[in-house]
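Below you'll find the structure, written out as structure tokens, and then a few comments.
The values are calculated or read from the model by the stated rules, or taken from the named source; none is laboratory data. As the structure is a computational prediction, the values presented were derived from the model and not from experiment. Every residue, glycine as well, gets a Cβ built from its backbone with ideal geometry; the counts of neighbours run over all protein chains shown. Quick note on the areas: whole protein, heavy atoms, side chains included, nothing else; ligands and nucleic acids left out. Shrake-Rupley method; radii C 1.70, N 1.55, O 1.52, S 1.80 Å.
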Amino acid sequence: MTRKVRVYDPEGYAPSVTGSRLAPRHEEGLSGKLVYLVDCLFDNSEQFLLQLQQWFAEHLPTVRTQIIKPRESWEDDPAMRARIEADGNAAILGVGL
């Protein structure tokens with residue numbers, strides 16, 4: 001008995017991707033500046049940012065870091081953005097591992 005089997009290619013087709021430039025370096029450097037480490041409330045993002053904060057302390061001790069969290073996940077937090085803009089010199093978004 002002959003039986004036909006339909007096989008699909010699981011690889012699919014890669015989407016077209018347009019590259020973007022990285023953000024420019026801070027002109028004066030980060031020494032003495034405040035970098036906000038934004039916990040985006042993803043799984044393990046807090047642990048990642050604590051490790052990143054420790055890395056800054058060991059390798060760039062003149063850079064101040066502060067972990068900050070939005071009020072809710074997946075929601076815009078205008079107050080948090082305003083605080084980063086008013087007090088911070090840079091921000092790193094942490095999305096976890």
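Exactly one of these conditions fails for residue 51: (1) open to solvent by 80 Å² or more (accessible area, probe 1.4 Å); (2) within 16 Å of residue 95 (Cβ to Cβ); (3) part of a loop (DSSP other than H, G, I, E, B). Give me its number.
If we test residue 51 against (1) open to solvent by 80 Å² or more (accessible area, probe 1.4 Å); (2) within 16 Å of residue 95 (Cβ to Cβ); (3) part of a loop (DSSP other than H, G, I, E, B), just (3) comes out false.
Sort through 72, 46 and tell me the only one that's modelled with pLDDT under 95, of a type in the set (Asp, Glu), over 18 Å from residue 29 (Cβ atoms) and assigned to a helix (DSSP H, G or I).
After applying the criteria, what remains is 46.
So, in segment 83-95, how many residues would count as being assigned to a helix (DSSP H, G or I) and under 25 Å from residue 43 (Cα atoms)?
Count: 2.
Take the residues in segment 58-69 that are in a strand (DSSP E or B) and open to solvent by 40 Å² or more (accessible area, probe 1.4 Å), then tell me which one is farthest from residue 48 (Cα to Cα).
64
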